[in-house]
Amino acid sequence: MDWINRYIDQPLLHGAAGLLRSWHLRTRQPPELLEPTWNLVVLSFLLIASGQVVSGKPFALSIAALVMLALPSVRKLLSAVKAGGGGYGAREYKSLRARAIAKREAEWSVRIIVLFASACLPFIARIDDPVGAYFMLGASIWFVLTGPLKAYLDAAEPPEPNEGDRTYNGVFHLG
């Protein structure tokens, strides 16, 4: 277990923390908006791909499925827009950090299972019906690209609110 923690879980947690930091520095958006934004990007890609592969009723069904998968992310992004000017400050940082620490300690086995499932799912899901195979392939792609990322982003150390601010010099403001 120590090997899994040291060589798989910890590097992925550090990578997710770096991704959150990079997102926050580049967009100046709260780090919790990265996951729903990524989910919508993946679903948009799947919508374009399904338009190229299926047509008729299966295409309408795939649009309905993708819209249902997108609704939670859209709702989260819209609620962040409605909240508006609050931004990302010390209070939000402390809340995200406490939640990440709790998830990091309590859910490490869940993260490993999600990672293992996302690695195996595309290889074990075989369906003879072509339309069903396309749906399963799309579901596999969606899960592989969003499942582990969400698990690791939830448990990663969030960036500090003032990170990347050139006017901030730390605890002591000299000069």
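The values are calculated or read from the model by the stated rules, or taken from the named source; none is laboratory data. Computed from a predicted model, the values in this text were never measured in an experiment. So basically every Cβ, Gly included, is an ideal-geometry build from the backbone, and we count neighbours across all protein chains shown.
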Report task. Among residues belonging to segment 135-164 that are touching a Lys or Arg at 6+ places or on another chain (Cβ under 7 Å) and part of a helix (DSSP H, G or I), point out the one that is surrounded by the fewest Cβ atoms within 10 Å (Cβ to Cβ). Result -> Asp154
Report task. Answer yes if at least one residue in segment 11-19 is touching a residue at least 24 places away in the same chain (Cβ under 8 Å), touching a helix residue (DSSP H, G or I) at 6+ places or on another chain (Cβ under 9 Å) and farther than 14 Å from Asp154 by Cα, and no otherwise. Result -> no
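Table: residues versus (1) among the hydrophobic types (A, V, I, L, M, F, W, C); (2) buried (at least 16 other Cβ atoms within 10 Å of the Cβ); (3) at pLDDT 90 or above.
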site: Lys103; (1), (2), (3): no, yes, yes
site: Phe116; (1), (2), (3): yes, no, yes
site: Cys120; (1), (2), (3): yes, no, no
site: Ile124; (1), (2), (3): yes, no, no
site: Asp128; (1), (2), (3): no, no, no
site: Ala133; (1), (2), (3): yes, no, no
Query - In segment 21-49, the residues that are farther than 23 Å from Ala119 by Cα and either surrounded by 18 or more Cβ atoms within 10 Å (Cβ to Cβ) or of a type in the set (A, V, I, L, M, F, W, C) (or both) - result: Arg21, Trp23, His24, Leu25, Pro30, Pro31, Glu32, Leu33, Ile48
Query - segment 1-51: number of residues that are of a type in the set (A, V, I, L, M, F, W, C) and within 28 Å of Ala90 (Cβ to Cβ) - result: 11
**Report entry** Test for Ala65: is it aliphatic (A, V, I, L, M), part of a helix (DSSP H, G or I) and at pLDDT below 90
**Finding:** no
